[in-house]
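Notes follow the structure.
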Amino acid sequence: MKIHHFFVQKAASAEGCSKQHASRRRLPALFLLVLLASLLLTGCSGETQAEKAAKSCHWPLATASPEDTVTQLYAERFAEEVHERSGGRITVTVYPNSSLGGDRELLESCADADIPFIIQNTAPQVAFMEDLAVFDLPCVFTDTDELYARIDNKSFMHELDQVYTDGGYRLLGIADQGFRVMTTDKRITSLEDFRGQKIRTMENPYHLDFWKALGASPLPMSFSEVYIGLQQHTIDAQENPYEVIVSNRLYEQQDYVIETNHLPHLLTLITSEDFMNALSEEDRSVVLAAAEAATAYARETSLSRIEERKAIIEESGTEILTLSPELRSEMIAASEDVYEEIKASVSPALYRAYTSSAN
């Protein structure tokens, strides 16, 4: 069992792919059972665990996202690139759909190097690295070209890398699932049309404040309850990237998709600083090159998948509406307090680098 090899590698004292520190976290009971079963199965091979660890590495990569998403494709491509670039010596096994824990648990496990790699949106990371709230600034960009011109800027990346390093992580790459958009049963053509809309959001204070600023009534709700909430009219609307809207068939319960494009839905591939520092120079190079290739692939794939998902929505009869530049300007003006709130809580240099070429 692949996950067994990872934990054995952490315990081995012989030289292998890395010299890992002892885990500071208790492994989940399921992992302990898997580990015990694996030890029983491999104990009669006549080869020591240290010898096995020296020959190959098996690392898990975990996400909280379903399989049919760019997140999964990003993870799978990274695993393929690592395997190929290491000559088959390193295997990365992908565990999607919160099978190893939710976003918070994955971040904690990654920090301790119990799970070497994770891919997730930046929103849950704000609780661990406050400066990442810069990505919660609403309506900064209108398209992905503009977004990546800013994110890939050297000065911005320098500041962002430091945020992750200070948090105990290493940022390996950023891809996306496009922008977050709104679905609703009401045609939105003016700022007044947002008023009173009961919209489900993530439990993020900046997201909540943004929708309140537009006059809507945001309601944090578990994502598992969103479809039935729309069906039973507990909520009027919700916001997510196209990937999520289609994979969970949320468009079935809504008449309109409103391209608010209020936030980019970024995907970060991260590891722990301790894990990277413990790798050999050769393996560190493999990881970095694999991450770069996988990130480029994920970005390209995201663009094509968004168009495919928009076609699925339109074929169903749900209408997609694009907001006028004038309405977007009004949304930005209404969000002035949200901008000030975030500006006060993040690094001034990071804020400037992110917004310097914004509208």
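If you go through the range 278-291 one residue at a time, do you hit one that is at pLDDT 95 or above, exposed (fewer than 13 other Cβ atoms within 10 Å of the Cβ), at positive phi and out of contact with any Lys or Arg (no Cβ under 8 Å at 6 or more places or on another chain)?
No.
I'd like to know if the range 119-142 contains one or more residues that are crowded, with 20+ Cβ neighbours inside 10 Å and free of Cβ contacts under 8 Å to residues at least 24 places away in the same chain.
no
Can you find a residue that is farther than 30 Å from residue 95 by Cα, open to solvent by 10 Å² or more (accessible area, probe 1.4 Å) and either touching a His at 6+ places or on another chain (Cβ under 7 Å) or of a type outside the set (A, V, I, L, M) (or both) anywhere in the range 220-230?
First, pick out the residues of the range 220-230 that are farther than 30 Å from residue 95 by Cα: none.
No; the residues of the range 220-230 include none that is farther than 30 Å from residue 95 by Cα, open to solvent by 10 Å² or more (accessible area, probe 1.4 Å) and either touching a His at 6+ places or on another chain (Cβ under 7 Å) or of a type outside the set (A, V, I, L, M) (or both).
Suppose we filter the range 328-353 for residues that are of a type outside the set (D, E, K, R), surrounded by fewer than 17 Cβ atoms within 10 Å (Cβ to Cβ) and in a helix (DSSP H, G or I); how many remain?
Step one: list which residues in the range 328-353 are of a type outside the set (D, E, K, R), which gives 329, 331-335, 338-339, 342, 344-351, 353.
Still in the running and surrounded by fewer than 17 Cβ atoms within 10 Å (Cβ to Cβ): 329, 333, 344-345, 348-349.
Filter again for in a helix (DSSP H, G or I), leaving 329, 333, 348-349.
Of the residues in that region, 4 qualify.
Of the residues 201, 184, only one is closer than 13 Å to residue 260 by Cβ and under 22 Å from the mean Cα position of the chain (by Cα); which?
On the way: 184 fails: under 22 Å from the mean Cα position of the chain (by Cα).
201 is the lone residue from the list that is closer than 13 Å to residue 260 by Cβ and under 22 Å from the mean Cα position of the chain (by Cα).
Condition first: more than 30 Å from residue 59 (Cα to Cα), buried (at least 18 other Cβ atoms within 10 Å of the Cβ), at pLDDT 95 or above and not acidic (Asp, Glu). Can you find one or more residues in the range 315-326 that meet it?
Yes, that holds for at least one residue.
Tell me which of these residue 37 doesn't satisfy, since it passes every other one: (1) part of a helix (DSSP H, G or I); (2) surrounded by 15 or more Cβ atoms within 10 Å (Cβ to Cβ); (3) at pLDDT below 90.
Residue 37 satisfies every listed condition except (2).
Assess whether residue 161 counts as being without any contact (Cβ under 8 Å) to a residue 40 or more places away in the chain, open to solvent by 20 Å² or more (accessible area, probe 1.4 Å) and in contact with a strand residue (DSSP E or B) (Cβ under 7 Å, 6 or more places away or on another chain).
It is true that residue 161 is without any contact (Cβ under 8 Å) to a residue 40 or more places away in the chain, open to solvent by 20 Å² or more (accessible area, probe 1.4 Å) and in contact with a strand residue (DSSP E or B) (Cβ under 7 Å, 6 or more places away or on another chain).
I'm checking my understanding of the structure. Among residues of the range 62-96 that are open to solvent by less than 10 Å² (accessible area, probe 1.4 Å) and small (Gly, Ala, Ser), which one is nearest to residue 247 (Cα to Cα)?
75
Among (1) open to solvent by less than 10 Å² (accessible area, probe 1.4 Å); (2) of a type outside the set (Asp, Glu); (3) in contact with a Lys or Arg (Cβ under 7 Å, 6 or more places away or on another chain), there is one condition residue 214 misses while meeting the rest; what is its number?
That leaves (3) as the condition not met.
Taking residue 307 as the residue in question, decide whether it is out of contact with any Asp or Glu (no Cβ under 8 Å at 6 or more places or on another chain) and either open to solvent by 30 Å² or more (accessible area, probe 1.4 Å) or at pLDDT below 95 (or both).
Yes.
For residue 175, are the conditions met, namely being within 16 Å of the chain's Cα centre (by Cα), within 16 Å of residue 268 (Cα to Cα) and assigned to a helix (DSSP H, G or I)?
Here the answer is no, as residue 175 does not meet what is asked.
Can you name every one of the strands (runs of 3 or more DSSP E) wholly within the range 232-327 that holds 1 or more residues which are touching a residue at least 40 places away in the same chain (Cβ under 8 Å) and of a type in the set (Phe, Trp, Tyr)?
In the range 232-327, 256-272 are the strands (runs of 3 or more DSSP E) which contain 1 or more residues that are touching a residue at least 40 places away in the same chain (Cβ under 8 Å) and of a type in the set (Phe, Trp, Tyr).
Tally time: how many residues in the range 187-204 are exposed (fewer than 15 other Cβ atoms within 10 Å of the Cβ) and in a helix (DSSP H, G or I)? Lay out the reasoning, then the answer.
The initial filter retains those residues of the range 187-204 that are exposed (fewer than 15 other Cβ atoms within 10 Å of the Cβ), namely 187, 189-190, 192, 195-196, 203.
Retained after the next criterion (residues that are in a helix (DSSP H, G or I)): 192.
Residues in the range 187-204 being exposed (fewer than 15 other Cβ atoms within 10 Å of the Cβ) and in a helix (DSSP H, G or I): 1 in total.
Looking at (1) on the phi < 0 side of the Ramachandran plot; (2) outside any strand (DSSP E or B); (3) of a type in the set (S, T, N, Q), which one does residue 120 not meet, given that it meets all the others?
(2)
Please pick out the residue among 155, 109, 99 that is in contact with a strand residue (DSSP E or B) (Cβ under 8 Å, 6 or more places away or on another chain) and open to solvent by 20 Å² or more (accessible area, probe 1.4 Å).
99
The values are calculated or read from the model by the stated rules, or taken from the named source; none is laboratory data. Just so it is clear, the structure is predicted and the values come from calculations on it, not from any experiment. All Cβ positions, glycine included, derive from the backbone under ideal geometry; neighbour counts span all protein chains shown. Just so you know, the surface numbers come from the protein's heavy atoms only, side chains and all, with ligands and any DNA or RNA stripped out. Shrake-Rupley method; radii C 1.70, N 1.55, O 1.52, S 1.80 Å.
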